[in-house]
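The values are calculated or read from the model by the stated rules, or taken from the named source; none is laboratory data. Bear in mind the structure is a predicted one, so any value in this text is a computation, not a measurement. Note that we place each Cβ from the backbone using ideal geometry, even for glycine, and neighbour counts take in every protein chain shown.
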Amino acid sequence: MKTLFRKIPILLAVVACFTIGSSVAIAQGAEKQDQHENTAFKGIHRNRGINGRPNTVTITDGKTYVDVTEQEYRERGYTPVFSELPVLIIQRIPVQAPVSQEHAK
């Protein structure tokens, strides 16, 4: 009976090691997938946020184009570095309605 009580802590330690090992392996697998995703997608340009919206970055893998926020871009470690991306500025110029000949007289 005494040998059984001596083996229980050892068995618990072995089970704990396997549990910790598998959770570490799962975390490493997820990290590798994130790194693969980050290397597959590259930043093209950044867009300034307007009306209180956050800045965004357009990323691509050569086939798909996706907009992500500046924070997501920095957290996920995409390349190139955010500060090196060119800024895409789209500015709309207001158009005036044409003046008709009747109103001009």
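Scan segment 59-77 for residues that are polar (S, T, N, Q) and more than 11 Å from the chain's Cα centre (by Cα) and jot them down.
If the condition is that a residue be polar (S, T, N, Q) and more than 11 Å from the chain's Cα centre (by Cα), then THR60, THR64 are the ones that fit.
Going residue by residue through segment 24-37, is there one that turns out to be within 30 Å of GLN91 (Cβ to Cβ) and either of a type outside the set (A, V, I, L, M, F, W, C) or modelled with pLDDT of 90 or more (or both)?
No; the residues of segment 24-37 include none that is within 30 Å of GLN91 (Cβ to Cβ) and either of a type outside the set (A, V, I, L, M, F, W, C) or modelled with pLDDT of 90 or more (or both).
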